[in-house]
């Protein structure tokens, strides 16, 4: 359990350092594009380092650390909740940034800058985590440092099956995100954390359940077992297709591409006050009866 304690301290340090980066960006940078890019960088950096350490615990912990999958899933839920509460509007996920672009919430230049910041953040997070592992602060890190250069692919299924799994995870995640993104953080954060934990538990044995192209690039693409094109199909195209399907199902259209709603009928903007019309009918009948009862000259 000493190795687990070291990892928990590592998680606290990573979140603390990234919170300091966010605080400095608010003090030193403009609140517009520069602040947004700084938050995306800090969020991607935090997410990458946390996920790499958590993946190490998941791979080595059951046989080298004396704890089971339940401990790792509990940590995953808590970390997902912390990420959701601390990201300060950043997504740290390219498919979420592309979704905002397709919803006309972000320009092409801003979206491209976000993707670049996410790539730099995950790349730096991967490099610093490898450096941290090389210090071998625990037995788990000693084992991880030995096997890290010879890491194997996270794809443990046929290529179409793996792409379908990643696409399905992305589809469900984005569908939940679209539903709760306007909700209060007290509701949104735990719902998304439960969703991520559930998807990781169910789809993890097949592909790792990453459904984040930037995170997958930093953590998986350098591993042996599959070609670069295989990784692109599973971890880039799969999540992108899942996001598009979720957006189309939720909206009925993709505003950046077309405005016509393909799935849901548009309700009329103006409503007829039926209750008022029905209440006026008896009065009209009484007036008609009164006029008929009047004597004719």
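FYI, it's all coordinate maths here, none of it is from the lab. Bear in mind the structure is a predicted one, so any value in this text is a computation, not a measurement. Every residue, glycine as well, gets a Cβ built from its backbone with ideal geometry; the counts of neighbours run over all protein chains shown.
Could you please find all residues in segment 129-141 being surrounded by 15 or more Cβ atoms within 10 Å (Cβ to Cβ) and over 27 Å from residue 166 (Cα atoms)? Matches in segment 129-141: 132, 133, 137, 138, 140, 141. Taking segment 90-110 as the range and being over 12 Å from the mean Cα position of the chain (by Cα) and touching a residue at least 24 places away in the same chain (Cβ under 8 Å) as the test, the residues that pass are 101, 102, 103, 104, 110.
Looking only at segment 232-263, how many residues end up being within 16 Å of residue 155 (Cβ to Cβ) and without any contact (Cβ under 8 Å) to a residue 40 or more places away in the chain?
If we filter segment 232-263 for residues that are within 16 Å of residue 155 (Cβ to Cβ), which is where we start, we get 232-239.
The next check asks that each one be without any contact (Cβ under 8 Å) to a residue 40 or more places away in the chain; those that pass are 232, 236.
Summing the residues that are within 16 Å of residue 155 (Cβ to Cβ) and without any contact (Cβ under 8 Å) to a residue 40 or more places away in the chain in segment 232-263 gives 2.
Residue under question is residue 146, and the condition is that it be assigned to a helix (DSSP H, G or I) and closer than 30 Å to residue 64 by Cβ; does it hold? Spelling it out, residue 146 is indeed assigned to a helix (DSSP H, G or I) and closer than 30 Å to residue 64 by Cβ.
Which residue, of 192, 177, is crowded, with 16+ Cβ neighbours inside 10 Å, under 15 Å from the mean Cα position of the chain (by Cα) and more than 19 Å from residue 103 (Cα to Cα)? Walk me through it before giving the result.
On the way: 177 fails: more than 19 Å from residue 103 (Cα to Cα).
Just a single option satisfies the conditions, and that option is 192.
If you check 140, 178, 199, 186, which single one turns out to be without any contact (Cβ under 8 Å) to a residue 24 or more places away in the chain and part of a helix (DSSP H, G or I)?
Working: 140 fails: without any contact (Cβ under 8 Å) to a residue 24 or more places away in the chain; 178 fails: without any contact (Cβ under 8 Å) to a residue 24 or more places away in the chain; 199 fails: without any contact (Cβ under 8 Å) to a residue 24 or more places away in the chain.
Only one candidate passes the filter, namely 186.
Go through (1) in contact (Cβ under 8 Å) with a residue 24 or more places away in the chain; (2) crowded, with 22+ Cβ neighbours inside 10 Å; (3) touching a helix residue (DSSP H, G or I) at 6+ places or on another chain (Cβ under 6 Å); (4) within 23 Å of residue 87 (Cα to Cα) and name the single condition residue 212 misses. It is condition (3) that residue 212 fails.
Quick check on this structure: which one of 88, 59 is closer than 30 Å to residue 252 by Cα and either out of contact with any strand residue (DSSP E or B) (no Cβ under 7 Å at 6 or more places or on another chain) or part of a helix (DSSP H, G or I) (or both)? If you could, list the steps in order and put the result at the bottom.
On the way: 59 fails: closer than 30 Å to residue 252 by Cα.
Just a single option satisfies the conditions, and that option is 88.
The residues in segment 125-137 that are touching a residue at least 60 places away in the same chain (Cβ under 8 Å) and either within 26 Å of residue 233 (Cβ to Cβ) or touching a helix residue (DSSP H, G or I) at 6+ places or on another chain (Cβ under 6 Å) (or both) can be counted, and the count is 5.
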